[in-house]
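For reference, the structure discussed in these notes is given below.
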Amino acid sequence: CGDSGAPCRTIPYALANIAAPGDTVSVWEGTYTETFTLRAGIVISGAGATRTFIDGEGVRGPMVSASGSTVSSTTVLRGVAIRRGTATNGGGVYITNGASPLIEDCVVSENVATSRGGGLYVFGTATLTLRDTVVISNTSTSAGGGMYQTFVGGSRLDVFGGRFENNGTTAGNGGGLW
């Protein structure tokens, strides 16, 4: 796999075995029921958030994760919908350990955390940049239905455009953001 004539069957396979820093993994329209970890310097570009779905089907998650300081702003997730992930923390997206990816032109929706960060979870020294991304209809039990960000270690969130809408918690704080 590795070109449009012979595409890889899964996003995780392309990330682990084909793509190198500086590459773009183009993801065709469709529904992908797989989880994956962002890799340093690789752009993942879907066909648009209304056409490319990373779908946990309500039984798996986090759907997308990133960890480590080599995952910088040159690591990009673009043009996908991340939906129906389920996890203890970060049903949709889980960012930790100094990672600082860019998520742009995405929709993060209908994800569930049994503790914190239904849609997104940012922990420790991690930084998350959201650009023109919609975080909608995510839930958590404890805090941060849309997103949970801990200040332990100095995590940071940068938001440019987009919106947080209709997120909630069942027994905690910060329906949209915490």
From phi via Karplus (6.51, -1.76, 1.60), per-residue ³J(HN,Hα) for the range 131-138 in Hz, x at Gly/Pro: 10, 6, 10, 9, 10, 9, 6, 9
Cubic angstrom per residue, convex hull over Cα atoms of the range 97-138: 55 Å³
Average accessible area per residue (Å²) across the range 37-152 - probe 1.4 Å, nucleic acids and ligands excluded: 32 Å²
Antiparallel DSSP beta bridges within the chain, percent to nearest 5: 0 percent
Long-range HN-HN contacts of Asn173 with modeled amide H, under 5 Å: Ala143, Gly144
Free-standing Cys, the chain [no other Cys Cβ under 4.7 Å]: Cys106
Extension reserve of the Phe151-Trp28 stretch, reckoned as 0.36 nm per residue once the Cα distance is removed: 40.6 nm
Anisotropy class of the range 24-111 from Cα gyration tensor, a/c 1.5 cut: oblate
Per-q log10 I(q)/I(0), the chain, q = 0.09, 0.11, 0.17 Å⁻¹ (Debye; single scatterer per alpha-carbon; no solvent): -0.26, -0.39, -0.95
Residue-wise HN-Hα coupling along the range 81-93, computed from phi with Karplus coefficients 6.51, -1.76, 1.60 (Hz; x: Gly, Pro): 9, 9, 9, 6, x, 9, 7, 4, 10, x, x, x, 9
Mean separation of Cα contacts under 8 Å, 6 or more apart, over the residue count of the range 33-169: relative contact order %: 20 percent
For the range 25-66 and the range 113-166, distance of Cα centres in Å: 17 Å
Reciprocal of mean inverse Cα separation for the range 1-69 (Kirkwood radius, Å): 12.6 Å
J(HN,Hα) series, the range 19-29, from Karplus relation 6.51 cos²θ - 1.76 cosθ + 1.60, nearest Hz, glycine and proline x: 6, 10, x, x, 7, 10, 9, 8, 10, 5, 5
Fraction of accessible area attributable to carbon and sulfur, the chain (%, probe 1.4 Å): 49 percent
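The values are calculated or read from the model by the stated rules, or taken from the named source; none is laboratory data. Since the model is a prediction, treat every value here as computed from it, not as a measurement. Every residue, glycine as well, gets a Cβ built from its backbone with ideal geometry; the counts of neighbours run over all protein chains shown. The accessibility values were calculated without ligands, DNA or RNA, using every heavy atom of the protein model including side chains. Shrake-Rupley method; radii C 1.70, N 1.55, O 1.52, S 1.80 Å.
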